[in-house]
1. Quick check on my filter: what residues within region B:229-263 are more than 7 Å from every other protein chain (Cβ to nearest Cβ), in contact with a Pro (Cβ under 9 Å, 6 or more places away or on another chain) and outside any loop (DSSP other than H, G, I, E, B)?
2. Residues being closer than 30 Å to B:Thr3 by Cα, polar (S, T, N, Q) and surrounded by fewer than 24 Cβ atoms within 10 Å (Cβ to Cβ): count how many of those fall in region B:195-219.
3. Mind checking whether some residue in region A:105-116 is crowded, with 18+ Cβ neighbours inside 10 Å and farther than 25 Å from A:Arg189 by Cα?
4. Given the criteria within 13 Å of chain A (Cβ to nearest Cβ) and either at pLDDT 95 or above or crowded, with 22+ Cβ neighbours inside 10 Å (or both), does B:Ser110 qualify?
5. Residues of region C:347-405 being over 23 Å from C:Ser533 (Cβ atoms), in contact with a strand residue (DSSP E or B) (Cβ under 7 Å, 6 or more places away or on another chain) and among the acidic types (Asp, Glu), which ones?
6. When residues of region C:197-211 are filtered for being out of contact with any Pro (no Cβ under 9 Å at 6 or more places or on another chain) and either away from chain A (no Cβ under 14 Å) or part of a helix (DSSP H, G or I) (or both), how many remain?
7. Mind counting the residues in region C:68-81 that are within 21 Å of C:Ser332 (Cα to Cα) and either surrounded by fewer than 24 Cβ atoms within 10 Å (Cβ to Cβ) or modelled with pLDDT under 95 (or both)?
8. When you scan region A:1-39, how many residues do you find that are in contact with a Phe, Trp or Tyr (Cβ under 6 Å, 6 or more places away or on another chain) and surrounded by 15 or more Cβ atoms within 10 Å (Cβ to Cβ)?
Amino acid sequence: MAITLYDFELSGNCYKLRLLMSILGVRYDIIPVDFYPGRQHKSDWFLKLNPLGQLPVLVDDGLVLRDSGAILAYLARKYDPSGLWFPTEPVQLAEVLQWHAFADDITATASAARLALGMFYDFDLPKVQAGAHRLFRLMDEHLWFGEREGRAWLCAAPHPTTADIACFPYVMLSEEGNISRMDYPAIRRWSDRVRRIPGFTVMSGIFPAGRAAAE
Amino acid sequence: MTTPSPIDAVTRDLWQVIAAVDETPVGVVSTTLLLDQRLAFSRDSDGSPVVWLRTTEEHGDEIDLATVTVRLPVISGYGYIWTSFGNPPDHLFPIPEYAEPDRVNMSCGSIGVGSSAPRIVENFLDMGHFPYVHTDILGAEPHTEVKEYDVEVSEERDEVLATRCRFFQPRAALSATEGIEVEYIYRVPHPFCSVLYKSCPEDVTRQDVIAIFLQPMTAETTRAHLLQSMIDSTSTITDLRRFQQTIFGQDKPILENQYPKRLPLDPRAETPIRADKSAIAYRRWLSQKGITYGTIPMAS
Amino acid sequence: MTLSTTDTTWYPVASSTDLPLRHVFHGQLLGRELAIWRADDGNVNVWENRCLHRGVRLSIGINEGGELKCQYHGWRYANRSAGCTYIPAHPADAPARRITNTTYPAVEAFGLVWSANNGAAEFAPFDGSASAEWLALRPMPINATTEDVLKALEGYAVTAEKGILGVATVTERLPGLAVKVTVELKEGHRSIVFFVQPVDSNRCVVRGLLDHTFPDINAQLRSHNEGLVQLRDRLERLAEKKPIPEPLTPSFEKVSVELSTMPEITIGSALTLRAMVKRKWATATGITAFELTALDGNHLPTFQPGAHIDVHLPNGLSRQYSITNGPGELLSYTIGVKRDLASKGGSEVLIDTVREGDVLAISEPRNNFPLRRDTIRTVLIAGGIGITPILSMARFLAKSNLPYELHYIVRSEDQIAFRDQIDALGANVTLHIGLPRAAIAETITKTLGAHSFAQHVYICGPGSLLETVRTTAADLGWPDEAVHYEYFRNDRVIDDSSAFEVELARSAMTLHIPSGKTVLEVMREAGLQVSSSCEQGACGTCLTGVMEGTPDHQDVYLNASEKRANNCMMTCVSRSLTPRLVLDI
């Protein structure tokens, strides 16, 4: 068993996989891809791995996978013996997949704003920023009522799932796209909870949370 | 958009970095922002850079550079293109190590930062944040002490120089009690550029050189250009870039959460400690030079 | 209506439920950003969102329960006072205690946290607040002016309430940007009060309070959230068509001149304040504890672990006592006083004549026994009453989850002071009860072990114990800078027979010191203001730089290598081995 992650340190989508593998205690090797400024994800050798020219790519024993959400599901099903991180019960499964799709919308907005300001990508900045705020408002509302109803995570289950992992990075990196989280106190509290999951690891741009209060 | 900030006379006459030479395509327009002004630049067929005030050109347009008659001054140095709005000096500040034949020189990407260039220089000079911001790489709690070091403003070279800077850094191996004390020298040879020299693991007689060249796009937004000039026969360029981007990516959220974004030059604006000697010298030096772009000058 | 950054009105700035333990809330009022956090003791802190060192937002920092830690350089600020207690870049130094962040007043009431940019006015509950139990609605941030939001809220109830939850009958404006809506239900009248928190010129948060006796409270919360979302969307569509008002620009207060100089200058004599004895109790045989509070019910000044206060006694004497408190505990100082028959009437007076309710003059805390927090291992050793500063150190280390062990040496079980605090530290504490004198050195040897990098030991107790630990540590190879101690007093006989000249470099003055007089006394006679405390070479308060000449130290404050360096001395006991000394005064 050997897992290889084609990885760019500053990519939130790559970080999703590093984060879940760290939590699950899965060992893996990294092949760094120079996404910026080298644009190696558009190079011939990389396009052979992923014709879409997108990071991350994960290779597990010869199996080549792309798309962070799909890989999260794969890793959780294969390497999480508890089965909690990616449940298969129909209602729970649908719920997780809804949030995986929501995470892709966050990528299309918050991550785009970050790329525009940090790496000078040509995106419509006000539009993607407004789009991120729209999503964050929904997410904050969902989490606020969740706290009120005794739910700490994005899905109804009493434990975190890949939905939380998928949404976390680009929420946390939003301020690099000039998208403040001041108006989303429930998201800020949720992000403390995610950062306190045993096995949590950071990426550049995300600081660890302090310890929780003793029970 | 915010209104442009006035450009002080010193800043106007400086060479200002705008892009890595290798990342600038030949015959195609690139655009950027410098000191609140829109610039266009490209390279002609022999590779030499051309910079002009942007009018109608769009990023990515093909261009015949012969049609560009009104040009800004331009110079290439350390792998980057530099220009100026005033009368720049004949040469860039020296980094003699860059020319040593066995060094690996590389750009590490130009990163946008929502802060002023002087705030970024000051962070580059700072060691006290290593354990908190670059945890387990450049420092780790509990080893937080900033030992006494020396700072001078070199009259001859007109630059701030900090020497005998030492900091305890954890070893990559996780043996928590083992570590090495790394020695640094910092130079600020330009109000918006800094160069550091760091003990080189591969050759104890030499030093790795890391420089940061800052392009003030506006008084409160900056493009940071990083240069590494390393003695390293094993790592790939991708590895080395990844390391530097990791470090800078950790500094970025700190810089973007600093207020005010412009560097205050009034000593009573913030609270310095002994560890901040180099920052204090830098602020005084900027103040004496009369740099107002990206700073909050002392009320006179 | 114009918003002012110096407005004295109290506005809600957060919900109580926004502040779980170990979290920092990011808020804003009238253009000024706030870091709001609840300490483990329940206290809510509302601070300017800016570390005084380099201006980094404290809302990205870490709430450690009793202190807030800045993310940039790890500076710690104390609960309640916002005073800086630790600067990791200089772990061996006690930070200038007046590095204090800007704080704003905070009151928690009706499920909301209230604050004011300008604390000149007292908090007053809103009209009708006593008539119900209140529950905070989900806050609704809106990008529009307070004016427009208030106007919309006046029309809110009629549209949103109809049908499902009852019919709004009356809406009225309350003072302080608030609208009260009365709803008619089958069960009778119920109220909802909406407060508008002016965040900036074009941003607000609507914070609603709902009468707890409404039926079906969860449905109410959902329904009002929906109503406010609609109101928000409508207002923001309108606001987009209006010119955006200039944002408010609150000014940042400057730090004091003494903090802006570098290196930090030492602060002169500490201010005196009055404190009341809230509680006095026997904490162990022969040891009386006193809990001292401020007279106005506010918090006391910031202290650091290891700090002491001077207590000015009714008989004119002044004595030093260490503070035993943990981080952020500033509502009172607890000290321990041992009945000491040998003392010149210090402890006796306190124990025998001072009663609960009495007022004492005390100094601000001063720290000559600073605790490093950059260690891999910290060994704390207390003998008898020496537990007082050591207990504070242990509580700070415990709160920050730093590795430490506390060895407490007492003659008998009944002499263990502050037993419940000691027990709360759990397995980190080893009690050594009735250890024979001969066994102490052996125990210390076993405890310390060989020295390795970043290990430090702190000792407080009787002189004989200090000597034993110092000798043992030296034998085991512990360097002087890893051995920290505090003497209660200098038991040595001071030889004051010499006579010499002292030149004061900065004051441009030369003084003759005759035999029988101290340098300190002669300086004071010459009209100089110099601070001192114990005046027996134990506390370090009068520490002075020596520029020329060789001092005859005689103190117990400096360690052997510091004495050998001959670059500082205590003006209260140190004299000169050379005919002339040049001091940095």
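The values are calculated or read from the model by the stated rules, or taken from the named source; none is laboratory data. These figures come from a predicted structure and were not determined experimentally. No Cβ is skipped: glycine too gets one built from the backbone with ideal geometry, and neighbour counts run over all protein chains shown.
1. Within region B:229-263, just B:Leu263 meets the criteria.
2. From region B:195-219, those closer than 30 Å to B:Thr3 by Cα are B:212-219; that's our starting set.
Filter once more, keeping what is polar (S, T, N, Q): B:215, B:218.
Right, trim to surrounded by fewer than 24 Cβ atoms within 10 Å (Cβ to Cβ) and you get B:218.
Count: 1.
3. Within region A:105-116, one or more residues are crowded, with 18+ Cβ neighbours inside 10 Å and farther than 25 Å from A:Arg189 by Cα.
4. Values: within 13 Å of chain A (Cβ to nearest Cβ): yes; either at pLDDT 95 or above or crowded, with 22+ Cβ neighbours inside 10 Å (or both): yes.
Considered against the rule, which asks whether it is within 13 Å of chain A (Cβ to nearest Cβ) and either at pLDDT 95 or above or crowded, with 22+ Cβ neighbours inside 10 Å (or both), B:Ser110 comes out as yes.
5. C:Glu356, C:Asp374, C:Glu405
6. We begin by selecting, within region C:197-211, every residue out of contact with any Pro (no Cβ under 9 Å at 6 or more places or on another chain); these are C:198, C:210-211.
With the extra rule that they be either away from chain A (no Cβ under 14 Å) or part of a helix (DSSP H, G or I) (or both), the set shrinks to C:198, C:211.
Total meeting the criteria: 2.
7. Within region C:68-81, the first condition is being within 21 Å of C:Ser332 (Cα to Cα), and the residues that meet it are C:68, C:76-81.
Restricting the remaining residues to those that are either surrounded by fewer than 24 Cβ atoms within 10 Å (Cβ to Cβ) or modelled with pLDDT under 95 (or both) gives C:80-81.
Going through region C:68-81 one residue at a time, the tally reaches 2.
8. First pass over region A:1-39, keeping only residues in contact with a Phe, Trp or Tyr (Cβ under 6 Å, 6 or more places away or on another chain): A:3, A:5, A:8, A:12, A:14, A:21, A:24, A:26, A:31, A:33, A:35.
Cutting the leftovers down to surrounded by 15 or more Cβ atoms within 10 Å (Cβ to Cβ) gives us A:3, A:5, A:8, A:12, A:14, A:21, A:24, A:26, A:33, A:35.
Within region A:1-39, residues that are in contact with a Phe, Trp or Tyr (Cβ under 6 Å, 6 or more places away or on another chain) and surrounded by 15 or more Cβ atoms within 10 Å (Cβ to Cβ) number 10.
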